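The values are calculated or read from the model by the stated rules, or taken from the named source; none is laboratory data. On a predicted model such as this, the values are computed, not experimentally measured, just so you know. No Cβ is skipped: glycine too gets one built from the backbone with ideal geometry, and neighbour counts run over all protein chains shown.
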Amino acid sequence: MPQPLTEPFVTGAASRRKCAECGLVNFAEAETCRRCHTDLFDARPPVAETAGTPVPARRIGRRIAFIGVVVVLSIFGWSRSLLLTSTPINDAQRQLVLHAIQTLEHAGFSREVIMLRNFANYRSTDNWWNEYLGHREAYAATNFPLGVVTLYPPFFSVASDDTERAAILLHEAQHLLGAGEQAALELTWRQKNRIGWTAEKYAQTKVWRNTNEWTATEVPSLFLCGADGHGDCTP
């Protein structure tokens, strides 16, 4: 009695060969199809078991990798363009920056000090992006997440000492960490006494008056104390 043609048990791609004509799966060593007798060596390559990640998933992975590379290259190019269109600070200015960072270090602002020392690229003139956006009277500006910190002339000439420059850099360090303007103003104002930037000593300086005004505008909840209800609420 003739045996029915059935697909044999196979354990892998190397142990079978599919007929291109009728689709029957034959043993790998077979020269002709058991059903239609087609020459298997002229047929399509043996059927391979699907192994590993499916093709669509691999394609998605490649696309994600490609997008990631494009994003990294775009950020790098954007960062380079900001540096190429601005001027770095000089050696004398860098010394003033380092002294201000030391003031923050002595006050225990370790996270901010790490950012200011290792991730900030200090410039003395505006880059093309800052010029495009424009800015109000400022002592410094930070381009997040690129780490470009522009220090304007008043940072060096108007700030009265290392403590006031430290207050300005404390503010910019918040931007390096991703904080917005309101959060940066609030933290700096709350922590001013910690670096020795007190009203008793600095209330008459321009940096103090400017920062007081900007903070009162952006974070009015900090100025609801005192007899007139407009006093500074921070200790």
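For Gly178, which of the numbered conditions (1) in contact (Cβ under 8 Å) with a residue 12 or more places away in the chain; (2) under 14 Å from Ile195 (Cα atoms) fails to hold?
Condition not satisfied by Gly178: (2).
Report whether or not Val148 is in contact (Cβ under 8 Å) with a residue 40 or more places away in the chain and farther than 22 Å from Ala199 by Cα. Lay out the reasoning, then the answer.
Details: in contact (Cβ under 8 Å) with a residue 40 or more places away in the chain: yes; farther than 22 Å from Ala199 by Cα: yes.
Judged against the criteria, Val148 is a match.
Picking from Val158, Val149, Val207, which residue would you name as being under 29 Å from the mean Cα position of the chain (by Cα) and either in the same structural domain as Asn130 (by TED's automatic domain parsing) or not charged (D, E, K, R) (or both)?
Details: Val158 fails: under 29 Å from the mean Cα position of the chain (by Cα); Val207 fails: under 29 Å from the mean Cα position of the chain (by Cα).
So the residue among Val158, Val149, Val207 that is under 29 Å from the mean Cα position of the chain (by Cα) and either in the same structural domain as Asn130 (by TED's automatic domain parsing) or not charged (D, E, K, R) (or both) is Val149.
Condition (residue is acidic (Asp, Glu) and surrounded by fewer than 17 Cβ atoms within 10 Å (Cβ to Cβ)) applied to region 108-130: is it met by at least one residue? First the steps, then the outcome.
Of region 108-130, the ones acidic (Asp, Glu) are 112, 126.
Retained after the next criterion (residues that are surrounded by fewer than 17 Cβ atoms within 10 Å (Cβ to Cβ)): none.
The answer is no, given that none of the residues of region 108-130 is acidic (Asp, Glu) and surrounded by fewer than 17 Cβ atoms within 10 Å (Cβ to Cβ).
Could you please give the count of residues in region 68-100 that are at pLDDT 95 or above and part of a helix (DSSP H, G or I)?
Matching residues across region 68-100 total 10.
Going through Thr234, Thr163, Thr211 one at a time, which residue ends up being touching a Leu at 6+ places or on another chain (Cβ under 8 Å) and part of a helix (DSSP H, G or I)?
Numbers: Thr234 fails: part of a helix (DSSP H, G or I); Thr163 fails: touching a Leu at 6+ places or on another chain (Cβ under 8 Å).
That would be Thr211, the only listed residue that is touching a Leu at 6+ places or on another chain (Cβ under 8 Å) and part of a helix (DSSP H, G or I).
Could you pull out the residue among Glu137, Glu112 that is part of a helix (DSSP H, G or I) and either out of contact with any Lys or Arg (no Cβ under 8 Å at 6 or more places or on another chain) or hydrophobic (A, V, I, L, M, F, W, C) (or both)?
Working: Glu137 fails: part of a helix (DSSP H, G or I).
Within the list Glu137, Glu112, the selection yields Glu112.
Whether any residue in region 194-207 is free of Cβ contacts under 8 Å to residues at least 24 places away in the same chain, in a helix (DSSP H, G or I), out of contact with any Leu (no Cβ under 8 Å at 6 or more places or on another chain) and among the β-branched types (Val, Ile, Thr) is what I want to check.
Of all residues in region 194-207, those free of Cβ contacts under 8 Å to residues at least 24 places away in the same chain come to 198, 200-201, 203-204.
Among the residues that remain, those that are also in a helix (DSSP H, G or I) are: 200-201.
Those left that are additionally out of contact with any Leu (no Cβ under 8 Å at 6 or more places or on another chain): 200-201.
With among the β-branched types (Val, Ile, Thr) added as a condition, the list becomes none.
No, region 194-207 contains no residue that is free of Cβ contacts under 8 Å to residues at least 24 places away in the same chain, in a helix (DSSP H, G or I), out of contact with any Leu (no Cβ under 8 Å at 6 or more places or on another chain) and among the β-branched types (Val, Ile, Thr).
Among the residues of region 125-145, how many are within 19 Å of the chain's Cα centre (by Cα) and aliphatic (A, V, I, L, M)?
Here the count works out to 1.
Results for (1) in contact with a His (Cβ under 8 Å, 6 or more places away or on another chain); (2) closer than 24 Å to Gly108 by Cβ; (3) surrounded by fewer than 21 Cβ atoms within 10 Å (Cβ to Cβ), shown as yes or no for each residue.
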residue: Thr188; (1), (2), (3): yes, yes, no
residue: Trp197; (1), (2), (3): no, yes, no
residue: Arg209; (1), (2), (3): no, no, yes
residue: Thr217; (1), (2), (3): no, no, yes
residue: Leu222; (1), (2), (3): no, yes, yes
